[in-house]
Every structure is written in structure tokens, then in C-alpha cells.
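The values are calculated or read from the model by the stated rules, or taken from the named source; none is laboratory data. All values derive from a computational prediction rather than experimental measurement. Ideal geometry is used to build each Cβ from the backbone, glycine not excepted, and the neighbour counts take in all protein chains shown. When the accessible area is computed, the model is the full protein with side chains, heavy atoms only, and any ligands, DNA or RNA have been set aside. Shrake-Rupley method; radii C 1.70, N 1.55, O 1.52, S 1.80 Å.
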Amino acid sequence: MALDPETRDQLIAAIRRFVAERLRPLEAQVAEDDAVPEAIVAEMRDMGLFGLSIDPAYGGLGLSMEEECLVAVELGRTSPAFRSVFGTNVGIGSQGLAMFGTEEQKARFLPRIASGELVTSFALTEPEAGSDSAAVQTRASRDGDAYVLNGSKRYITNADKAGLFTVMARTDPARPGAKGVSAFLVPSDSPGLSVGRPEQKMGQHGAHVCDVVFEDVRVPVENRIGAEGEGFKVAMQVLDRGRLHISAVCVGVAERLIEDCCRYALERRQFGKPIAEFQLVQGMIADSRTETMAARAMVMETARLRDADAPTTLEAAATKYFASEMVGRVADRAVQIFGGAGYIADYGIERLYRDVRLFRIYEGSSQIQQLIIARETLKDFA
Ligand code: COS
């Protein structure tokens, strides 16, 4: 544990209150405006949310993975767009640097990432490199004491707000797969870097994804993370961690949906009594509760393994696979329990139903998780 239990409980209680009192009332507005109000972002900075995972030596809270997951569950109890505001700083945008950066790189960037002054983004995906992330074509050619980046990235979360990108680019065109890829820290104001308009998405409105284009962008050699050719492994290890965090968010959304379903089922009357008294409705609530408990147990167990420095590639993939599919089923049952109201925007259930669909796609689709789980399992018997 990075925190003593009392401080941890206070932090979790403060976040639970913040979610209930400040974020939940704004859900519909954020979805409509496709933007999180700046006043809320400022409150998130003040609470230290941008630096949850960052070492206290650089101004973060330095939470353990288990603590971070407990916090992520709380943050899951509202629209996922809110967590996205600082999610890249806590996870995929900062962790390449935090885990593999030099002391000099960390001292240069992490304090501003932890405070939220600098928003970070993770630029791996490309038009032709989605699930096949080792196929990145963005080129980083060495030129004296710099690399020159050319290429484009797609669906990059928080790109429009980012001050710093972690970019995976090919340094060795002779090596087409994972081994030719290196990772770089690229400030967003680098000449030649441009960010496209936020995409219109099915859900998670308020969280933005954009294209990022590199045209002869010069990046100093000292901004490379790790050795040349190690960038793919950096990205994969960042994703191992990110997948666990996302799974915790899935648990939070599922718990929120169950709460909404129970309140509604106790209030809504049909055939002369609350629908909560009908066993077919109870069956749906029981299935949702059971699966959410199972996902929570997987998240916490995997987080404890990570905190004990055990390998968690298999466990993180299995947890992400189960938790993201689970919350899809829970959201589907929620629409069913709410019936007509579940399909009407005013109740917010259809919004969460659309929001959770993304969890089965980003940070590795369910099919990619299956592939990783099978590979890691077969490895033990080969
Ligand atoms: N941790 C450490 N190293 C890893 C790793 C991990 N989790 N996963 C792979 N590697 C290493 C491998 O050990 C291998 O190194 P060696 O050649 O030295 O043994 C290298 O990276 C290449 O790995 P692999 O051969 O498994 O690469 P593949 O091209 O087969 O791809 C998958 C692996 C499909 C698992 C990977 O591309 C992936 O996760 N894709 C989904 C990407 C994703 O999540 N995108 C979402 C966008 S980010 S929001």
C-alpha cells in the first residue's frame, strides 16, 4: 500500500462524494456539449486526480495499483468521459515515461503531468495499425542529434488537449515488425505536428479522439524512451497496466447501473406491484450483481499481483476481456429492466449503454485479449 488505510479511505470517500455531487448532475450536459466544463477540470486538478499514479517525488499521489483500481471503480460510477479528462495522465499517456524514462526525462515532464498542467496522450494506433499495433508506419529517421517523424496516428484520446505525446514510430524500416519500433516523448507544440478535429462518436461524449499528423517533426534524441527498437515493448507494458485500470472503470459503471436498476425496479409498478418483486427481473439483477462481483475480484487480485511485481499480461488481458464484456451485458439488462424508459434519453441508461460499448474495443479489443490469453496459456504447456 502506498497510502495508510485511513488516508486511502478518506481519498476514496472524497472521490465518491465528488462523483455523486459534482459529476453525476452534469452527465447529460457534458454529453450534449461534448465537453467537460473547465471548472470541473480545475477541481480535478486540485484533487490530485491527474497525478494518482505518479511517484510523490514528482508531485503525484503515488497510489499502488490496488489503490488506483479502487479509485477507478469510484470514478466509473459516472459518465466515463469524466475519467478520460485525466485518464491518459494517470495511465497510457504517462506510464511509458514513468516506467521506462530516464531520471532527466521524468524530472522534466512528470511534475507538470502530475499537476495536470500538461495533458498527455498515447499515440500508437494508425490507420493501418489498429489491433496489429506492431505494423506502425510512422517513421522516425535519425538526423544528427534528432529524429525526424513523419506519419499519422488515429483515434488518439485527448490529442486536442495534449501538451505531450508518447509516440511509437519506426526507427528501422528494415525491420517491419515490433523490433523496428521506438518510443518518443513529443511536445504538442513541435513544428510540423498537427491535430485533427475530434471525431463524432457513438458515446463517451466529452472525451475526444483525434488524428495526429507528423510532418518533418524534429524530436531530440534525448526524448527517446528506452533503447532504439524497444518501443513496442514499452507500449505493450503500458497497455498491460492500462487494461487493468479500464477493467476497474467497467466494474464502477456496472455497480452504478445495478444501483439505477434497483432503485427503478423498486419504484416502477406493473401488475399492481413494484417490478422488483417479479422473479424474472430479480434474475437479471442477480446476474448483473454476480458478474460485477466476479470482475471486481479479478481486478483486485490482478492489481495485488502487479503490486507484488508479478507478471500480469495474462491476468490483465483476462480481466479486461471479462470486465468489458460483463459491463456490456449489465448495460443491456439495465435497458431491459427500464423497458421503454431505458430507450429514452432522459433516463440516461441508453447513454451509459452506448458509453460502455467502447470498453470492448479500446486498449485492445476482446478478440485481442482472447488472443493474448490463449497465447499465454498455451505457452505454459508448449
Ligand atoms: N509485455 C512485454 N513484452 C511484450 C508484451 C507485453 N505485454 N507483449 C508483447 N511483448 C514483446 C514480445 O515478447 C516480443 O518480444 P521478443 O520478440 O523479444 O520476444 C515483442 O513484444 C513482439 O510481440 P508479439 O510477437 O507478441 O507481437 P504481435 O505482433 O504478435 O502482437 C498483440 C501482439 C496482438 C498482442 C499486440 O499487437 C496488441 O496488443 N495489439 C492490440 C493493441 C492495442 O491494444 N491497441 C489499442 C490502442 S491503444 S488505446
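Starting at the first residue of the stretch 225-234, write each ³J(HN,Hα) from the Karplus equation 6.51 cos²θ - 1.76 cosθ + 1.60 with θ = phi - 60°, in whole Hz, x for Gly and Pro.
The phi angles translate into 8, x, 7, 4, x, 9, x, 5, 5, 4 Hz.
Which far-off residues, 5 or more places away or on another chain, put their amide H under 5 Å from the one on G101, with H placed in the peptide plane?
Amide H to amide H, under 5 Å and 5 or more residues apart or across chains, G101 pairs with nothing.
Give me the percent relative contact order of the chain, please, defined on Cα pairs under 8 angstrom at least 6 residues apart.
The normalised contact order for the chain reaches 16 percent.
Give the calculated FRET efficiency between Q10 and E301 to the nearest 0.05, with a Förster radius of 30 Å applied to their Cβ-Cβ distance.
So the FRET efficiency works out to roughly 0.75.
Along the stretch 206-221, what does the Karplus equation 6.51 cos²θ - 1.76 cosθ + 1.60 (θ = phi - 60°) give for ³J(HN,Hα), rounded to whole Hz, x for Gly and Pro?
x, 9, 9, 10, 9, 6, 10, 10, 10, 10, 6, 7, 8, 10, x, 3
Would you pull out the residues with amide H under 5 Å of Y147's amide H, same chain only if 5 or more places away, H placed 1.01 Å from N?
V219, V221
How far, in nm, would the chain grow between E38 and M202 when pulled straight, counting 0.36 nm per residue and subtracting the alpha carbon separation?
56.7 nm
At a Förster distance of 25 Å, what's the computed FRET efficiency of R354 paired with E259, Cβ-Cβ distance as r, to 0.05?
According to the calculation, E is roughly 0.85.
Let me check something: with ligands and nucleic acids excluded, how do F381, F232 order by accessible area (1.4 Å probe), largest to smallest?
F381, F232
At 7 Å along the Cα-to-beta-carbon direction for both S141 and L280, put a label point, then send me their distance in nm to one decimal.
Distance between the two pseudo-spin positions: 6.6 nm.
Per-residue ellipticity at 222 nm for the chain, helices alone: DSSP H runs ≥ 4 residues times -39500 (n - 2.57), over residue total, nearest 500 deg cm²/dmol?
Per the formula, -16000 deg cm²/dmol.
Would you tally the net charge around A114, using a Cβ to Cβ cut-off of less than 14 Å, leaving A114 out, and scoring K and R as +1, D and E as -1?
Summing Lys/Arg as +1 and Asp/Glu as -1 gives 0.
Name the long-range amide H neighbours of E230: under 5 Å, sequence gap of 5 or more, or other chain; modelled H, no Pro or chain starts.
Hits under the 5 Å cutoff: A183.
Give me the number: length gained by fully extending A382 to N150, i.e. 0.36 nm times residue separation minus the C-alpha to C-alpha distance, one decimal in nm.
Full extension from A382 to N150 adds 79.5 nm.
Among the lysines in the chain, how many pairs, 8 or more places apart or on different chains, have alpha carbons under 24 Å apart?
Lysine pairs satisfying the spacing and distance rule in the chain number 14.
Calculate one ³J(HN,Hα) per residue across the stretch 324-338 by plugging θ = phi - 60° into the Karplus curve 6.51 cos²θ - 1.76 cosθ + 1.60, and present them in order as whole Hz with x for glycine and proline.
For the stretch 324-338, the Karplus curve yields 6, 5, 4, 5, x, 5, 5, 5, 5, 5, 4, 4, 5, 5, 6 Hz.
If you find the alpha carbon centre of the stretch 5-67 and of the stretch 162-219, how far apart are they in angstrom?
First find each Cα centre; the distance between them is then 26 Å.
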